[in-house]
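The values are calculated or read from the model by the stated rules, or taken from the named source; none is laboratory data. Everything numeric in this text was worked out from a predicted model, so none of it was measured. Here the Cβ is made from the backbone with ideal geometry for all residues, glycine too, and neighbour counts use every protein chain on show. Keep in mind that these areas ignore ligands, DNA and RNA; they rest on the heavy atoms of the full protein, side chains included. Shrake-Rupley method; radii C 1.70, N 1.55, O 1.52, S 1.80 Å.
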Amino acid sequence: MFQIRVEPKGLSFETDGEASLLVSAARAGVVLPSSCRNGTCRTCICRVQRGTAHHLIEWPGLSLEEKREGYILPCVAVADSDLVLEAPAARHSA
Ligand code: FES
């Protein structure tokens, strides 16, 4: 299991490294913004501050530059390590 922290609110959840970060967050009651859930709309875009993740699809809707800067689409990304994500719109589910 990997520990995921979501800044700046300091939310946290665990992921098994197989489920997407979006699904893992939801299971723990952490809501990340989302819409399409298939890596195209970019609603869920957030930045990895620490750790590594990879995408489950070959062409997530990110530019090369965004990828270099550490942006991921958590609806189609899984963790490869503990992560610190920057996702200001993340919140606890009601
Ligand atoms: S929810 Fe659409 S790209 Fe992630």
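Sort out which residues of the stretch 57-73 are assigned to a loop (DSSP other than H, G, I, E, B), among the aliphatic types (A, V, I, L, M) and open to solvent by 40 Å² or more (accessible area, probe 1.4 Å), and write them in order of number.
Scanning the stretch 57-73 gives a single hit, I57.
Are any residues in the stretch 22-56 farther than 23 Å from P8 by Cβ, open to solvent by 60 Å² or more (accessible area, probe 1.4 Å) and within 12 Å of the ligand (Cβ to nearest atom), and if so, which ones?
Across the stretch 22-56, the qualifying residues are R37, N38, T40, L56.
In the stretch 2-55, what residues are farther than 12 Å from S81 by Cα and among the acidic types (D, E)?
Answer for the stretch 2-55, where residues must be farther than 12 Å from S81 by Cα and among the acidic types (D, E): just E7.
Going through the stretch 58-81 one residue at a time, which ones are under 15 Å from L32 (Cβ atoms) and of a type in the set (A, V, I, L, M)?
I72, L73, V76, A77, V78, A79 - these are the residues of the stretch 58-81 that are under 15 Å from L32 (Cβ atoms) and of a type in the set (A, V, I, L, M).
Go through the stretch 68-78 and give me each residue that's farther than 18 Å from D16 by Cα and either among the aromatic types (F, W, Y) or within 14 Å of the ligand (Cβ to nearest atom) (or both).
Across the stretch 68-78, the qualifying residue is only Y71.
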